[in-house]
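Each remark here refers to the structure printed beneath this line.
Every number in this text was worked out from the coordinates using simple rules, so none of it is lab data. Remember, it's a predicted structure, so these values are computed and weren't measured experimentally. When we count neighbours, we look across all protein chains shown, and the Cβ atoms used for this are built from the backbone with ideal geometry, even at glycine.
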Amino acid sequence: MSKKQINRAVAKPFVKWAGGKGSIISQLVEYLPQDFEKQQNVTYIEPFVGGGAMLFYMLVHYPNIKRAVINDVNEDLINCYLLIKNDPEKLIASLREIKEEYYRLTTIETKSQYYYQIREKYNNEELTKEKRAACFIFLNKTCFNGLYRVNTSGKFNVPFGQYDHPNICDEELIMTDHKALQKVDIYVGGYQNITNRLGGKYNFIYIDPPYRPLSGSACFIEYTHNVFDDAEQEKLKAYCDRLTQEGCKIMLSNSKSLDDNGELYFVKLYNTYNINQILAHRFINAHAGKREKEIELLIMNY
């Protein structure tokens, strides 16, 4: 591929991700801090980066971001980011091999068998970093609805999505993301990882944690085998308070969730913050027929 082709491409997520922000970025950027684009030497931070829709948008559209810091608890996801940043050719070679094997299969039945073989390998075999990343991306592109879900043992358990010709190896996108990630520091672990990663005078932090269920009867989506319950939400709020004292600008997304008394949980929890409502489209759901618009909350300390 030519440099001209790479330069025309736009950095964007290389995986689908539950709760991804691609469909609502236009709303999110309306609530950036006043005069954000005029600030110099901005450090942009995401402690729950997920698929990175907001990250890549900000890197593309705000050249005043001189450094970014991303983190996620999902080790395999972060392994993909690190490979794309540091060694994209190895990842592409492994993905190309899987793509060619998958495309040679002529029926959905044989493609399904191949999917479960890769899933078994991903869950149970010791793999090189690039082969593990290739399996991760392949499963993401071919599993049901692009959902990432693990069981209590941490094993990926999403069924085959019956896709005939998915874009398993998008070489141009990987190389475009490679270029964008050169000014990004990448970490794996809990969100507290960012504490010592703050930049200079202007730190903007976008926080997109696992959402609280809309009601007590709803279920948590398990991005990892660790459940992000109310105790974790309260710890995160205390952490935001500490970052506020450090002078950081914070924007946080979460659900319009009710507590046991029927009151808005996050309005009470973040009662000293500014809170707005936005309309989100849920494109990834365990029940494909329930892809609906939902009201989400956008919580800011400015």
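Report the FRET efficiency, 1/(1 + (r/R0)^6), for Glu172 and Thr152, where r is their Cβ-Cβ distance and R0 is 41 Å, rounded to 0.05.
Taking R0 as 41 Å, the efficiency between Glu172 and Thr152 is 0.60.
Taking neighbour Cβ counts within 10 Å as the exposure measure, how do Tyr202, Tyr115, Tyr31 sort from fewest upward?
On the way: Tyr202 19, Tyr115 23, Tyr31 15.
Going from least to most buried by this count: Tyr31, Tyr202, Tyr115.
Roughly how large, in nm² to one decimal, is the mean projection of the convex hull of the alpha-carbon atoms in the range 81-171? Provide the component values of the computation, followed by the final result.
Details: hull surface 22.7 nm².
Result: 5.7 nm².
Place the peptides 261-273, 132-144 in order of packing, highest mean first, counting for every residue the other Cβ atoms within 10 Å and averaging per peptide. Provide the component values of the computation, followed by the final result.
On the way: 261-273: 14.0, 132-144: 22.7.
Highest mean packing first, the order is 132-144, 261-273.
7 Å from Cα along Cα→Cβ at both Glu30 and Asn261: what's the point-to-point distance in nm?
It works out to 3.1 nm between the two label points.
Once phi is turned into ³J(HN,Hα) by the Karplus curve 6.51 cos²θ - 1.76 cosθ + 1.60 with θ = phi - 60°, what whole-Hz value does each residue of the range 77-85 show in order, with x for glycine and proline?
For the range 77-85, the Karplus-derived couplings read 5, 5, 4, 5, 4, 5, 5, 5, 5 Hz, x marking Gly and Pro.
Please compare each pair in Lys38/Lys256; Lys85/Lys249; Lys131/Lys155; Lys21/Lys141; Lys90/Lys183; Lys121/Lys141 to a cut-off of 24 Å on the Cα-Cα distance and tell me which ones are over it. Don't skip to the end; give the middle numbers.
Numbers: Lys38/Lys256 32 Å; Lys85/Lys249 27 Å; Lys131/Lys155 17 Å; Lys21/Lys141 18 Å; Lys90/Lys183 20 Å; Lys121/Lys141 16 Å.
Going by Cα-Cα distance, Lys38/Lys256; Lys85/Lys249 fall outside the 24 Å limit.
Quick one: net charge of Phe56's neighbours, Cβ under 12 Å, K/R +1, D/E -1?
+1
Take the Cα gyration tensor of the chain, multiply each eigenvalue by 5, square-root it, and list the three semi-axes largest first, rounded to whole angstrom. Don't skip to the end; give the middle numbers.
Details: eigenvalues 206, 119, 56 Å².
Working from the Cα gyration tensor, I get semi-axes of 32, 24, 17 Å.
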